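Visitor: Below is the structure I would like to discuss, written out as structure tokens.
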Ligand SMILES: C[S@@+](CC[C@H](N)C(=O)[O-])C[C@H]1O[C@@H](n2cnc3c(N)ncnc32)[C@H](O)[C@@H]1O
């Protein structure tokens, strides 16, 4: 349905975890020390990877609401989170997880966020968060979404938004052509209108400043090395996905694209640029 398979999300989770900027995650934790339980909404939650990575930085009592439009991914989130936790119990329509000293209540909601950006803020969250999501959204959607988050005066934290800097080693003569075609594809409608792609972080920054938020951004690139078996599998899938997307634009002749893909299956390293962003209301919300 969404074009994101559980296999792809599982394949990237180790690289995502390594890439996330931990200083920003710690600062997030500092902003939310007084909220207990801290109420979190995760937009485009997929199989729950963002919860698994972010929860350790928050307090002992947490309540997470996962939003996604793909029922298969949300179903997979339940099992992945139960496997991640030390203990998991079904509680009403939710899941109650214990991991170390943390107690995390999780609910999920099937929702098409493209039509309902305000769903992110409808439960008076302390934190609205996402991972690998905002490059899919459009500029107009980001405006409506940030307005809803700001009305709720929630803290905002998003990680792993593509920044357009993709470098492979060793270099190949078709790299620039493939990168340009891939960027064009990235800007196509992913369900929210023309996608923001690699300017998503700038749009979020601008919108949150307009709403009187303070912000901090950090780079969070994937640094992948073919000497590592898990990285190698991710690089192979990434090369195929990049070639498929570039091919759909028709901008790169098929023979050149095939040669690029063949060479990329043998690549030694690659760096895929992302950014993490934390935004918080200037008049800080130590109030709920
Ligand atoms: C790249 S995946 C990231 C998933 C997860 N956050 C992670 O980091 O593994 C993007 C997610 O956005 C969800 N998504 C895309 N369009 C959506 C929409 N219109 N409404 C709700 N979720 C959507 C997809 O189903 C997918 O789970």
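A short reminder: the numbers here are calculations on the coordinates, not readings from a lab. From a predicted model like this one, the values you see are computed outputs, not experimental measurements. For neighbour counting, all protein chains shown are included, and Cβ atoms are generated from backbone atoms with ideal geometry for every residue, glycine included.
Visitor: Once every DSSP H run of n ≥ 4 in the chain is given -39500 (n - 2.57) and the sum is divided by its residues, what mean residue ellipticity at 222 nm do you get, rounded to the nearest 500 deg cm²/dmol?
Guide: After summing the helix terms and dividing by residue count, I get -12000 deg cm²/dmol.
Visitor: If each residue of separation counts as 0.36 nm, what is the full-extension length gain between residue 223 and residue 98 once their alpha-carbon separation is subtracted?
Guide: 41.8 nm
Visitor: Additional query: Looking at segment 1-135, what % of its DSSP beta bridges pair antiparallel, to the nearest 5?
Guide: Taking every DSSP beta bridge within segment 1-135, about 35 percent pair in antiparallel fashion.
Visitor: For the chain, what is the relative contact order in percent, using Cα pairs closer than 8 Å and at least 6 residues apart in sequence?
Guide: The normalised contact order for the chain reaches 21 percent.
Visitor: For residue 72 and residue 30, compute 0.36 nm times the residue count separating them, minus their Cα-Cα distance, and round to one decimal in nm.
Guide: Roughly 11.7 nm would be gained on extension.
Visitor: Modelled label-to-label distance, residue 169 and residue 269, 7 Å Cα→beta-carbon offset: nm?
Guide: Placing both labels 7 Å beyond Cα along the Cβ direction yields 0.2 nm.
Visitor: How would segment 183-286 be classified by its alpha-carbon gyration tensor: rounded, prolate or oblate, with rounded meaning a/c under 1.5 and the a/b versus b/c comparison settling the rest?
Guide: Verdict is oblate for segment 183-286.
Visitor: So in the chain, what percent of DSSP beta bridges are antiparallel if you round to the nearest 5?
Guide: Of all bridge pairs located within the chain, approximately 60 percent are antiparallel.
Visitor: Could you work out how much longer the chain between residue 123 and residue 8 gets when fully extended? Use 0.36 nm per residue separation minus the Cα distance between them, nm to one decimal.
Guide: Answer, rounded to one decimal: 38.4 nm.
Visitor: How high is the FRET efficiency from residue 202 to residue 23, r the C-beta distance, R0 22 Å, rounded to 0.05?
Guide: The value I calculate is 0.60.
Visitor: To the nearest Å, what is the center-to-center distance of segment 1-25 and segment 256-273, using C-alpha atoms only?
Guide: 20
Visitor: Sticking with this one: How high is the relative contact order of segment 1-146? Use alpha-carbon pairs under 8 Å, at least six apart in sequence, and give a whole percent.
Guide: 25
Visitor: OK, next. Taking 30 Å as R0, compute the FRET efficiency from the Cβ-Cβ separation of residue 216 and residue 249 and round it to 0.05.
Guide: 0.30
Visitor: Taking other Cβ within 10 Å of each residue's Cβ, how do 93, 79 sort, fewest first?
Guide: The most exposed by this proxy come first: 93, 79.
Visitor: Could you work out how far apart the two model spin labels at residue 144 and residue 90 are, taking each label as a point 7 Å from the Cα in the direction of the beta carbon, and quote it in nm?
Guide: Label-label distance for residue 144 and residue 90, simple model: 3.4 nm.
Visitor: Using a Gaussian network model of the chain with C-alpha springs under 10 Å, which one of 249, 201, 129 is most mobile by mean-square fluctuation?
Guide: For the chain, modelled as a Gaussian network with Cα springs under 10 Å, the answer is 249.
Visitor: Same structure again: Determine the shape class of segment 40-98: with a ≥ b ≥ c the square roots of the Cα gyration tensor eigenvalues, call it rounded for a/c under 1.5, and otherwise prolate if a/b is greater than b/c, oblate otherwise.
Guide: Oblate is the answer for segment 40-98, as a/c is 1.5 or above yet b/c matches or exceeds a/b.
Visitor: Okay, next question. Kindly express, to the nearest 10 degrees and within the range 0 to 90, the angle between helix 254-264's C-alpha long axis and the longest C-alpha principal axis of the chain.
Guide: 70
Visitor: Using label points projected 7 Å from each Cα along Cα→Cβ, tell me how many nm separate residue 151 and residue 114, to one decimal.
Guide: It works out to 2.2 nm between the two label points.
Visitor: Sort out for me the Cα centre separation of segment 87-108 from segment 136-180, rounded to whole Å.
Guide: With segment 87-108 and segment 136-180 each reduced to a Cα centre, they are spaced 31 Å.
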